[in-house]
Amino acid sequence: MSFARRLLINAPRSASFQLLKVQTARCSAPLSRTAHARFSSNPQLHSATPADDLLLSQSCVKRLAEILDKGQYLRIAVEGGGCSGFQYKFLVDAARNEDDRVFEKNGVGIIIDLDSLEFVKGSTVDFSQELIRSSFQVVKNPQAEHGCSCGSSFSVKL
């Protein structure tokens, strides 16, 4: 099943899926981190260096602002599968788990569990619109050795 179809199936019915013009400018400023002290008794688990951050492109921030309701986040997860060994999974989610890290920028946010963060830390999340599809993508992933041509799966550097 295509990524766009999965996103549409998992998105709330009230979400707006209007097409937008993709900006060519990229925003390379790191997202702010929301402290998880209220979710975990061990703050050292959530201490982060800039290499642990996720970056958001301007087109990603703009698209998230269009489709997310208040209290919703884009959840990124890494699962085994795909043609290269691991695949990215994107869901619209309002639930935050104890082991989630939250990255916010301009009123929109991404949540990712600590296990998945190990596979994508230092990456950029982008929204890409092409003639055949529109999708969120993890690009410039320093943890990936190579990926498939569509960008939805990758192999990990050892």
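The values are calculated or read from the model by the stated rules, or taken from the named source; none is laboratory data. Just so it is clear, the model here is predicted, and its values are computed rather than measured. Please note: Cβ atoms are built from the backbone with ideal geometry, for glycine as well, and neighbour counts cover all protein chains shown. We work out accessible area using only protein heavy atoms, side chains counted, and drop any ligands, DNA or RNA first. Shrake-Rupley method; radii C 1.70, N 1.55, O 1.52, S 1.80 Å.
Figures for the structure shown
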{"item": "Members of the range 95-122 found to be within 14 Å of the chain's Cα centre (by Cα) and either of a type in the set (Phe, Trp, Tyr) or open to solvent by 40 Å² or more (accessible area, probe 1.4 Å) (or both), listed by number", "result": "PHE103, GLU104, LEU114, ASP115, GLU118, PHE119, LYS121"}
{"item": "Some residue of the range 60-74 being at pLDDT 95 or above and aromatic (Phe, Trp, Tyr)", "result": "yes"}
{"item": "Subset tally (residues that are farther than 20 Å from VAL156 by Cβ and in a strand (DSSP E or B)) for the range 76-121", "result": "12"}
{"item": "Residue that is nearest to the chain's Cα centre (by Cα) [pool: residues in the range 123-158 that are open to solvent by less than 30 Å² (accessible area, probe 1.4 Å) and more than 18 Å from ARG63 (Cβ to Cβ)]", "result": "ASN141"}
{"item": "Subset of the range 47-66 (residues that are small (Gly, Ala, Ser) and either buried (at least 18 other Cβ atoms within 10 Å of the Cβ) or not in a helix (DSSP H, G or I) (or both))", "result": "SER47, ALA48, SER57, SER59"}
{"item": "Any hit, the range 123-130, residues being part of a loop (DSSP other than H, G, I, E, B), modelled with pLDDT under 95 and closer than 21 Å to ASP53 by Cβ", "result": "yes"}
{"item": "Residue match in the range 67-89 (condition: open to solvent by 40 Å² or more (accessible area, probe 1.4 Å) and of a type in the set (A, V, I, L, M))", "result": "no"}
